[in-house]
Amino acid sequence: MPMIRSIVTEARTWKLLLFVASAVWLIGCSRSREPKSAIVEKAQQAGAGDVTHASAASVEDWFRKHRTVAVEVSTMCAPAREKGDSTWGDSTEGHVCVAAKNAAMSTYRYPSDDKQYHPGWK
């Protein structure tokens with residue numbers, strides 16, 4: 001009798017394990033992926049790496065080190081920002097655009113401005 005109980009218990013354990021593994025697999029497959037974005041690809045091709053798993057703060061840090069790319073991406077984001085819905089800011093494209101805008105705003109210079117400003121009176 002104890003041998004039959006252990007076989008039944010083991011069969012139930014395997015069934016439960018198989019059910020849980022199948023449920024996890026189905027949940028993982030049902031997640032929708034974000035559509036391709038020229039903005040995200042521009043940042044990745046410029047050397048930002050995989051921005052899909054990066055936080056907005058780390059992407060912004062990268063953009064601050066690459067200011068020209070930040071300005072280019074920020075200008076690309078203007079139409080997307082206007083068309084975006086309420087969840088756009090939480091998407092990868094939204095994170096990249098916010099990071100690029102923050103980095104571009106703090107680093108903008110007019111192309112014809114060659115002046116250097118120093119503290120104090122001269």
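The values are calculated or read from the model by the stated rules, or taken from the named source; none is laboratory data. These figures come from a predicted structure and were not determined experimentally. Glycine gets a Cβ as well: all are built from the backbone with ideal geometry, and neighbour counts include every protein chain shown.
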Worksheet item: Does the stretch 103-114 contain at least one residue that is under 19 Å from the mean Cα position of the chain (by Cα) and either modelled with pLDDT under 80 or farther than 16 Å from Ala38 by Cβ (or both)?
Response: yes
Worksheet item: Which of the residues belonging to the stretch 44-83 are among the charged types (D, E, K, R) and part of a helix (DSSP H, G or I)?
Response: Glu60, Asp61, Arg64, Lys65, Arg67, Glu72, Arg81, Glu82, Lys83
Discussion item. Taking the criterion of being surrounded by 10 or more Cβ atoms within 10 Å (Cβ to Cβ) and modelled with pLDDT under 75, would at least one residue in the stretch 43-62 satisfy it?
Written reply: no
Item to complete: State whether the residues of the stretch 20-39 include one that is part of a helix (DSSP H, G or I), modelled with pLDDT of 75 or more and either of a type in the set (Gly, Ala, Ser) or surrounded by 10 or more Cβ atoms within 10 Å (Cβ to Cβ) (or both).
Response: yes
